[in-house]
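First up is the structure itself, then whatever we jot down about it.
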Amino acid sequence: MNSRHLLAALTATALLALALLAPTASATPAGPVYSASGAYAPTCNTDVCFGGVNTYDYSGTATCVQNCANAPSSGTLQTTFSATRFFPPSPIRCVPKTVTGSFTFTPTDPNYPPGPWFASLTGHSRDRKALFASGTLTSGAFAGGEVSVLYSFPPNPCTPGAFTGTVTFYPPGPF
């Protein structure tokens, strides 16, 4: 390798390092991350893959596990998704391609103002094993900010059971 190639390689490496280390102007503020768990209850249409509508209800608790300094330590959550588009091939094992739904988080921390936080969500299946969705919070301490959820999905989405997941809040301003 001659000196000209070496200089070009070092310059490119330095520029890449600076680009990766520089904060972006539109970086979303870090917010609290919650570990969620609870009950999963589906309502499946018998025509699940052929034009039916399924609903998927997730209800449980959430405990803050990251960035918790200015956030409730825990809360209850209720999330309901609806789906009309599914992955084939079997009607028994259909997983939704896309979902829409509603999200409610109610802080249970006595040191934090009570009152539910609401959001409308849109999302999709992730690897046919989980549902990922996000939306804008319309009420609560982080109103105007974003929320994202990632909930596990059972092998047969029409079978009730337990779920685990993650809920992440992105406040509208510095956290």
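FYI, it's all coordinate maths here, none of it is from the lab. Keep in mind the model is a prediction, meaning the values are calculated, not measured. Reconstructed Cβ throughout: ideal geometry from the backbone, glycine too, with neighbour counts over all protein chains shown.
Potential lengthening of the chain between Ser73 and Ser139 amounts to 21.9 nm, from the contour at 0.36 nm per residue minus the alpha-carbon distance.
Taking segment 131-175 and a reference point 7 angstrom along Cα→Cβ of Ala30, the backbone N atoms nearer than 12 Å belong to 175. For Ser139, the residues whose amide H sits under 5 Å from its own are Phe118, Gly144, ignoring neighbours fewer than 5 places away on the same chain, with H placed 1.01 Å from N. Cα convex hull, segment 30-170: 88 Å³ per residue, rounded to a whole number.
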